[in-house]
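**Student:** Got a structure for you, written out below as structure tokens; questions coming shortly.
The values are calculated or read from the model by the stated rules, or taken from the named source; none is laboratory data. This is a predicted model, so every value here is computed, not measured. Quick reminder, even Gly has a Cβ in these numbers, built from the backbone with ideal geometry, and neighbours come from all protein chains shown.
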Amino acid sequence: MKEGFTRRPITPAKTLSSRAFNRDPKRAMKAAKGGPVFITYRGRPTHVLLSVQDYETLAQNRQRLGDLLAMPGTEDINFEIPRMPDQFPRPAEFD
């Protein structure tokens, strides 16, 4: 197991509507102790609430693409960034 990771049981993702979150933020904070809580607005996820510990674990173990490609033994990896279609960026259209 990687350093800094703690193993805990996987629980199903929790979801709260933005209305429920606004009425009872303490409930959302308690739920976030067991894993991420998705906040929805009109049925669509818009935010994710994490405990500070979970956030720090994610932020600490983040790897950058350049660092990964600079690792020994990766010299032979053929990596090409695809070109965006010529239609982007395009001017906004207001109808």
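**Student:** Considering the stretch 37-72 alone, what residues qualify as being surrounded by fewer than 12 Cβ atoms within 10 Å (Cβ to Cβ), closer than 18 Å to Ala20 by Cα and not polar (S, T, N, Q)?
**Tutor:** Those that are surrounded by fewer than 12 Cβ atoms within 10 Å (Cβ to Cβ), closer than 18 Å to Ala20 by Cα and not polar (S, T, N, Q): Arg42, Gly43, Arg44, Pro45.
**Student:** Further question on the same structure: Would you check if Arg62 is at pLDDT 70 or above and assigned to a loop (DSSP other than H, G, I, E, B)?
**Tutor:** Considered against the rule, which asks whether it is at pLDDT 70 or above and assigned to a loop (DSSP other than H, G, I, E, B), Arg62 comes out as yes.
Yes or no, residue by residue, for (1) at pLDDT below 75; (2) assigned to a strand (DSSP E or B):
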{"position": "Ile10", "(1), (2)": "yes, no"}
{"position": "Leu16", "(1), (2)": "no, yes"}
{"position": "Leu58", "(1), (2)": "no, no"}
{"position": "Leu68", "(1), (2)": "yes, no"}
{"position": "Pro72", "(1), (2)": "no, no"}
{"position": "Pro91", "(1), (2)": "yes, no"}
{"position": "Phe94", "(1), (2)": "no, no"}
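**Student:** Mind checking which residues of the stretch 15-32 are in contact (Cβ under 8 Å) with a residue 12 or more places away in the chain and touching a helix residue (DSSP H, G or I) at 6+ places or on another chain (Cβ under 9 Å)?
**Tutor:** Residues satisfying the conditions are Leu16, Phe21, Ala28, Ala32.
**Student:** Going by the conditions given, is Thr6 more than 30 Å from Phe79 (Cα to Cα), touching a Gly at 6+ places or on another chain (Cβ under 6 Å) and at pLDDT below 90?
**Tutor:** no
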